[in-house]
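Structure record follows, encoded as structure tokens.
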Amino acid sequence: VAGSVAHVLAQLVVVYGLFVRSSALVALWPVLTVSGVVMGILTGIVAIHVGRRLEERRDMVEVIRNQAIECPDTGDIHPAKPETQTFVHRLRAEAKIAVVISLALVVVLVRSWWLYAGVLLLLAAVTVIGRVGFRPLFRHLRRLAVFVAVAFLAPALFTVGGPVLLALGPVRVTASGIESGAVLAVRIILLFLVTTLLSVTTKPESVASGLERILSPLQYLGVATPRLAQALNASWSLFPALWHRAQEMVRTRNLKKGWSAVADFLPELVAGLYTEAEQTASVWPDSDRTPGVSKC
């Protein structure tokens, strides 16, 4: 519960500092705090059941670790085959990661439509040079449609100032609100495209080794950089697996039976992903290493 409430507070601070400078956000704090308490309790309940499921799978996990590691299905976007790899694919992973981080910071911190247009043109050029294809990118981008819509509507409805374009009772849509919503939506789309292009032009083990080299200065502070790189790479690469596993479970289970079905669905989903992450991590030794050859 404490973590959930702190998460809500951090979100409000970041949104106010970087995106929507509106006093209306302060009014949302009590409501979001209550929702944070509720979601914190639900998260704790799910975590308890996930722990029980993983206890039941203890012996099974050992068996799975000795089997071939299958890559999570990421849909219709995959890295090019070796014979079709391009200049973009051959770039060092740490160089591409550094470019992605730089572009992400610029997109988030600088508010300029000319900048956003320039970044979009750059990403389009990378897509062409890397032979990724625009159609698969757009297909995956559609999955963010609801999230982008909410990101646009929140500033549009809660930002005050500027000419009023539409008034619906207490809700007033202003020109500055529309602009703030458009900026936030464009930022999310650009961040998605930047990270997606990295993932489809770089092998997972290369991303892990690149992250480890970038994070290497942290080892002087006592941070286990190999483990941290593994964790970051696993969370990144397994996100598509979450989407596809959830879709498959919805198809194979009747979630209309009520709360009991939903209560069984969430722990099973998270426990399955945890097991899959353990499989992926097992292809890298824990000692001094560059990532081993993944069966992916």
Handout entry: 11 Å beta-carbon shell around A98, net charge (K/R +1, D/E -1)
Key = +2
Completion exercise
Listed by chain and number, the residues whose amide H is under 5 Å from that of T174, excluding neighbours fewer than 5 places away on the same chain and using placed H, are L165
Fill in the blank from the handout: With P267 itself left out, Lys, Arg at +1 and Asp, Glu at -1 over residues whose Cβ is under 10 Å from its Cβ give 0
Problem - Local electrostatic count at T201 - Lys and Arg +1, Asp and Glu -1, tallied over other residues with Cβ under 11 Å - result: +4
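Read the figures in this text as sums done on the coordinates, not as results from a lab. Quick caveat: nothing in here was measured; it's all calculated off a predicted structure. No Cβ is skipped: glycine too gets one built from the backbone with ideal geometry, and neighbour counts run over all protein chains shown.
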